[in-house]
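Colleague: Have a look at the structure that comes next, please.
Please treat every number below as a calculation from the coordinates, not as lab data. Every value quoted in this text rests on a predicted model; they were computed, and no experiment measured them. Ideal geometry is used to build each Cβ from the backbone, glycine not excepted, and the neighbour counts take in all protein chains shown.
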Ligand SMILES: *Cc1c(COP(=O)(O)O)cnc(C)c1O
């Protein structure tokens with residue numbers, strides 16, 4: 001039976017990528033070794049990491065003002081690494097739109113002042129606070145947003161601007177490379193790889209080179225400085241070679257799909273189809289405010305917790321895996337990142353209709 005995997009992360013990857021990786025796992029090109037067995041400084045791996053970086057530059061249309069680096073520790077380590085390098089006794093502003101934003105803010109407090117400039121916590125993170133309501137700190141060290149809220153199922157449909165001179169930083173773990181945006185207005189963008197970029201174990205970080213110069217080198221350990229990664233091409237020590245290799249394959253695939261412009265059209269069509277169905281039903285509801293609904297993580301509920309559990313179990317048996325909502329919020333969630341084909345959405349809606357008929 002064909003399984004569609006709706007996991008939030010680690011999430012499904014394109015089938016062609018998985019097949020290629022399977023082939024090269026045991027024998028990479030003419031090396032006589034598997035891709036994971038090859039030296040990160042050898043002649044086989046070097047072109048892999050170079051192509052991975054070039055793909056990021058191409059897909060995000062980056063100028064030379066930006067560095068592209070691969071860092072272990074996932075997005076969560078960036079929660080600490082950002083203030084450790086960039087706060088320097090200043091105040092960072094956070095827009096609190098969910099669990100991940102508040103975790104990022106909590107880590108920043110270890111290194112200085114973190115101001116919650118706006119929050120939707122009181123309404124269970126069901127929306128993105130309007131830009132006009134943000135209480136920003138004049139001259140903040142940076143402004144941090146979470147572009148897509150993986151757990152609450154909300155997303156900035158328009159990415160905000162920071163005040164002049166304040167670097168805008170975004171955790172894009174769950175929507176990076178899913179839609180076009182102007183990277184030029186950011187100081188730093190980061191994303192754990194396991195949602196839209198490849199397997200878990202690393203973060204992609206895009207940072208304005210001039211920002212990396214802010215780090216106090218007397219206080220920040222070598223491995224936690226952005227400049228170390230920039231200066232050494234992400235190879236100060238042994239990088240996560242398998243993650244970088246897989247990301248290279250995923251980004252090659254993305255370019256074949258017509259780049260981000262191409263995948264964005266498909267993503268919009270997928271999300272619209274699923275939300276239209278949910279809105280047309282009196283059985284399923286969506287807790288996220290309509291204007292801010294995520295096109296990557298579609299959060300929904302049946303009329304009761306018991307039916308939610310039944311839905312998740314029966315969907316699994318029908319070949320639709322990992323539809324359980326995050327443990328903190330319950331309900332159901334369909335994560336529909338770049339690799340989820342439209343066929344998966346069609347199969348899910350088909351099942352949702354049958355489940356509604358049988359249980360309403
Ligand atoms: C998954 C996720 C994280 C955590 O990523 P790790 O790589 O596990 O640290 C952080 N932020 C967002 C928005 C996420 O979706």
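Colleague: Let me see the P(r) profile for the range 132-268: every Cα-Cα distance counted, bins of 5 Å, each bin given as a percent of all pairs.
Modeller: 2, 9, 16, 19, 20, 17, 11, 5, 1, 0
Colleague: Another question, then. Kindly rank 259-266, 243-250, 75-82, 55-62 from highest to lowest mean number of other beta carbons found within 10 Å of each residue. Intermediate results must be reported in sequence, preceding the final value.
Modeller: On the way: 259-266: 16.9, 243-250: 23.9, 75-82: 22.2, 55-62: 18.4.
The peptides rank, most packed first, as 243-250, 75-82, 55-62, 259-266.
Colleague: Rule-of-thumb check for the range 15-256: C-alpha Rg over 2.2 N^0.38 Å?
Modeller: Working: Rg = 18.2 Å, N = 242, 2.2 N^0.38 = 17.7 Å.
Here the answer is 1.03, to two decimals.
Colleague: Please list 291-304, 142-155 highest first by mean number of surrounding beta-carbon atoms within 10 Å per residue.
Modeller: Those peptides, ordered most packed to least, come out 142-155, 291-304.
Colleague: If I stretch the segment between residue 64 and residue 158 completely, what's the gain in nm (0.36 nm per residue apart, minus their alpha carbon distance), one decimal? List each step's numbers first, then the result.
Modeller: Working: separation 94, 0.36 × 94 = 33.84 nm, distance 2.47 nm.
Full-extension gain reported as 31.4 nm.
Colleague: Ok, one more. For n ≥ 4 DSSP H runs only, could you compute -39500 (n - 2.57) per run for the chain, divide by its residues and tell me the 222 nm figure to the nearest 500? Walk me through the numbers before you get to the answer.
Modeller: Numbers: 10 runs with 130 residues, N = 360.
That calculation yields -11500 deg cm²/dmol at 222 nm.
Colleague: Now for a separate question. For the range 10-139, what is the Kirkwood hydrodynamic radius in Å, using each pair of distinct C-alpha atoms? Before the final figure, lay out the partial values.
Modeller: Values: mean 1/r = 0.0540 Å⁻¹.
Every distinct Cα pair counted, the radius reaches 18.5 Å.
Colleague: Compute the semi-axes of the equivalent ellipsoid of the range 1-82, taking the square root of 5 times each eigenvalue of the Cα gyration tensor, and list them largest first in whole Å.
Modeller: Working: eigenvalues 121, 98, 41 Å².
Ellipsoid semi-axes (Å, largest first): 25, 22, 14.
Colleague: A follow-up question, please. Starting from a Cα-only point model with no solvent, please compute log10 I(q)/I(0) by Debye for the range 217-287 at q = 0.11, 0.25, 0.26 1/Å.
Modeller: -0.59, -1.04, -1.07
Colleague: If you take the square roots of the eigenvalues of the alpha-carbon gyration tensor of the range 259-359 and sort them as a ≥ b ≥ c, do you get rounded (a/c under 1.5), prolate (a/b over b/c) or oblate? Walk me through the numbers before you get to the answer.
Modeller: Values: a/c = 1.68, a/b = 1.49, b/c = 1.13.
Prolate is the answer for the range 259-359, as a/c is 1.5 or above and a/b outweighs b/c.
Colleague: Once all Cα-Cα distances of the range 193-237 are split into 10 Å bins that start at 0, what whole-number percent is in each one?
Modeller: Going out from 0 Å in 10 Å bins, the range 193-237 shows 24, 47, 25, 3 percent.
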